[in-house]
1. Per DSSP H run of n ≥ 4, the term is -39500 (n - 2.57); total these for the chain, divide by its residue number, and report the mean residue ellipticity at 222 nm rounded to 500 deg cm²/dmol.
2. By per-residue mean of other Cβ atoms within 10 Å, what is the highest-first order of 10-22, 71-83?
3. Report, to two decimal places, the Cα Rg of segment 5-149 normalised by 2.2 N^0.38 Å (N = number of residues).
4. Would you pull out the residues with amide H under 5 Å of residue 42's amide H, same chain only if 5 or more places away, H placed 1.01 Å from N?
5. Separation between the residue 11 and residue 86 pseudo-spin-labels, each 7 Å from Cα along Cα→Cβ, expressed in nm?
6. Work out the FRET efficiency for residue 100 and residue 34 from their Cβ-Cβ distance, taking R0 = 22 Å, and round it to the nearest 0.05.
Amino acid sequence: MLQRIQSIYLLFASLVLFGLFIFPLAHGLFIDGKLVNIAVTGVSENVNGVDKPVQSFVALSIITAIVGLIPLAVIFMYKNRKQQIALIYSTILVLIGYSFWMAQTVKKVVGPITLEYKNMGIGLFLTSLSIIMLIFAVKAIQRDEKLVKSADRLR
C-alpha cells in the first residue's frame, strides 16, 4: 500500500537526492584567486555576490536526476516487495559509486587545495542521508513481508 512508512522513507530519500541541485558540494573556495562554489550542476564563480557559471557537469546532473527518480519509482512497486528490496539495494550500491564519483569531481576541481570543513557543502552529506533513508525503507518493507507471511500461516 502507498500509505506505509516505507513510502515516506523513499519519498524523503528522493527529496534528499533532489536537494543536491539546491545545496553546494563545496563553497567559498579560492581557486586561482577566484571565489568558486561547486555544485552537482557545475562550478560557479562568485562575482560581486552573483554566481556566474564557469563549468557545467552535465553527466553528473543527469545521473543525479535519474538516481533521484529511482526511489520514487520504487514507491509504486508496493505489490512486489521482493523486487522493491532488490531495487533499493541496487540503488544503495549505485549511490555509493555516485558518491565516489561526486567526491572525485570535487577533488579534480579543487586540485592540490585541501578541502576544509568550513568549505564543505551540505551536498557532500546528502547521499549518505539518502542511503540511511533507503536502509530504513528496506527494514520497513521486510517487516511488512514478515507480517504478510505470518498472516498467511494463520490462514
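Please treat every number below as a calculation from the coordinates, not as lab data. Everything numeric in this text was worked out from a predicted model, so none of it was measured. Cβ: placed from backbone, ideal geometry, glycine included. Neighbour counts: every protein chain shown.
1. Values: 4 runs with 94 residues, N = 155.
After summing the helix terms and dividing by residue count, I get -21500 deg cm²/dmol.
2. Working: 10-22: 20.5, 71-83: 15.2.
Packing proxy ranking, top to bottom: 10-22, 71-83.
3. Working: Rg = 17.6 Å, N = 145, 2.2 N^0.38 = 14.6 Å.
This ratio for segment 5-149 stands at 1.20.
4. Amide H neighbours of residue 42, under 5 Å, 5+ apart: 57.
5. 2.7
6. Numbers: r = 27 Å, r/R0 = 1.22.
With a Förster radius of 22 Å, E is 0.25.
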